Amino acid sequence: MSDTFTPEQRSEIMRKVKSRRNRSTELKLIEFFKSHGIKGWRRNYPLPGKPDFVFPKQRIAVFADGCFWHGHDCRNTKPAQNKSYWDAKRARNQERDRLITELLTKKGWKVVRVWECEVKKQALIEKFRFLFPS
């Protein structure tokens, strides 16, 4: 089935999809860090892969990955239309994620990847237990 929008309309729609300050992931993670007294995180830290949060002293890079864009199978996030395009897009994103994780790990960083659904379910306590103030 073809797209119901013109290429110009589709481009305008996709331009509005932001990779920063996403309400469902990044802003909720900030809220989580603040409510649990987790300090020392930075945003826009210059590291490969552009982590969403970095704890420089602990050398921890946190990526908040959207379930749709990064291929998590937590719910029905696989589009039926243009399946081959989206499968290839997600595979490229997953490969890039793997390479960035490998690169940062080799440089001595701990990489934490958080799925969007984990943020929504507030299933973060165990994932960040090591950051809680003693």
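The values are calculated or read from the model by the stated rules, or taken from the named source; none is laboratory data. As the structure is a prediction and not an experimental result, all values here were calculated from the model. A quick note on method: Cβ atoms are made from the backbone with ideal geometry, for glycine too, and the neighbour counts reach across all protein chains shown.
So which residues in the range 40-60 are surrounded by fewer than 17 Cβ atoms within 10 Å (Cβ to Cβ), over 17 Å from L103 (Cβ atoms) and touching a Leu at 6+ places or on another chain (Cβ under 9 Å)?
G40, Q58 - these are the residues of the range 40-60 that are surrounded by fewer than 17 Cβ atoms within 10 Å (Cβ to Cβ), over 17 Å from L103 (Cβ atoms) and touching a Leu at 6+ places or on another chain (Cβ under 9 Å).
Within the range 79-106, can you find the residues that are among the hydrophobic types (A, V, I, L, M, F, W, C) and under 30 Å from I60 (Cβ atoms)?
Step one: filter the range 79-106 for residues among the hydrophobic types (A, V, I, L, M, F, W, C), giving 80, 86, 88, 91, 99-100, 103-104.
Listed by number, the residues that qualify are A91, L99, I100, L103, L104.
Could you list all residues from the range 62-81 that are in contact (Cβ under 8 Å) with a residue 24 or more places away in the chain and either part of a loop (DSSP other than H, G, I, E, B) or on the phi > 0 side of the Ramachandran plot (or both)?
Those that are in contact (Cβ under 8 Å) with a residue 24 or more places away in the chain and either part of a loop (DSSP other than H, G, I, E, B) or on the phi > 0 side of the Ramachandran plot (or both): G66, H72, C74, R75, Q81.
Given the options K83, K106, name the one that is among the basic types (K, R), over 17 Å from the mean Cα position of the chain (by Cα) and either modelled with pLDDT under 90 or surrounded by 12 or more Cβ atoms within 10 Å (Cβ to Cβ) (or both).
When all the criteria are applied, what remains is K83.
From the residues in the range 86-103 that are crowded, with 17+ Cβ neighbours inside 10 Å and hydrophobic (A, V, I, L, M, F, W, C), which one is farthest from V54 (Cα to Cα)?
Of all residues in the range 86-103, those crowded, with 17+ Cβ neighbours inside 10 Å come to 86, 90, 97, 100-101.
Checking the rest, the ones that are also hydrophobic (A, V, I, L, M, F, W, C) come to 86, 100.
Working: W86: 29, I100: 14 Å.
Taking the candidates together, the pick is W86.
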